[in-house]
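J.: My questions all concern the structure below.
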Amino acid sequence: YFFRRILLPFDGSAASTRALKIALDFAKRYGSKITAFIVNDSSLSINEVRKKLEGEASGAGIDMDIKIVDLDRNSQSTATKIIEEAIEGNYDLIIIAARGRTVSEEIVIGSTALSIIVNVPISVLLVR
């Protein structure tokens, strides 16, 4: 099958939790290896986000890698960090929420998700 290595950008939002559940389903059904990718922009509680990931993965009986990178908002963007990881990590698929912690329900797709879809050379599964 095509999706052996999955990158899961995760910010702890309800939308990214839906993406996590789909990634875990891929792992159960097809044996995919998941790497949860957290971009620490100093607005997240990293311990809470990590616990959420570990709890969901453990409940599903899936081993999952968790990778955390720091973001310098003056010179980097969350999307750039995710795109770099997708390319350097040799992933087959990105499973990402259409919008993360965006407050407005009217926004259909966030800027991070849109930038990733347009700029990565691999398949992207967008979760609404």
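J.: Place a label point 7 angstrom from the Cα of Phe2 along the Cα-to-Cβ direction, then list the residues of region 107-126 whose backbone nitrogen is under 17 Å away.
T.: 117-126
J.: Taking chymotrypsin sites (Phe, Trp or Tyr not before Pro) as exposed when DSSP calls them loop (any state but H, G, I, E, B) and at most 12 other Cβ atoms lie within 10 Å, what is the longest stretch of the chain free of them, the sites themselves excluded?
T.: On the way: sites that count: Tyr1, Phe2.
Excluding the exposed sites themselves, the longest stretch runs over 3-128.
J.: Let me ask you something else. Between Asp63 and Leu126, what length comes free when the chain is fully extended (0.36 nm per residue of separation minus the Cα-Cα distance, one decimal in nm)?
T.: 20.4 nm
J.: Additional query: Compute the normalised compactness of the chain: alpha-carbon radius of gyration over 2.2 N^0.38 Å, N being the residue count.
T.: Details: Rg = 13.5 Å, N = 128, 2.2 N^0.38 = 13.9 Å.
Rg over 2.2 N^0.38 Å, computed on Cα atoms: 0.97.
J.: May I ask you to derive the FRET efficiency for Arg18 and Asn90 from their Cβ-Cβ distance with R0 = 41 Å, giving the value to the nearest 0.05? Provide the component values of the computation, followed by the final result.
T.: Values: r = 25 Å, r/R0 = 0.62.
So, using R0 = 41 Å, E works out to roughly 0.95.
J.: Here's something else I'd like to know. As an exercise, use a Förster radius of 25 Å and the Cβ-Cβ distance of Ser75 and Lys51 to find the FRET efficiency, rounded to the nearest 0.05.
T.: Working: r = 30 Å, r/R0 = 1.19.
After rounding to 0.05, the efficiency reads 0.25.
Where a number appears in this text, it was derived from the coordinates with a stated rule and is not lab data. Here the structure is a predicted model, which is why all the values come from computation and not from measurement. As a convention, Cβ positions derive from the backbone with ideal geometry for all residues, glycine included, and neighbour counts pool all protein chains shown.
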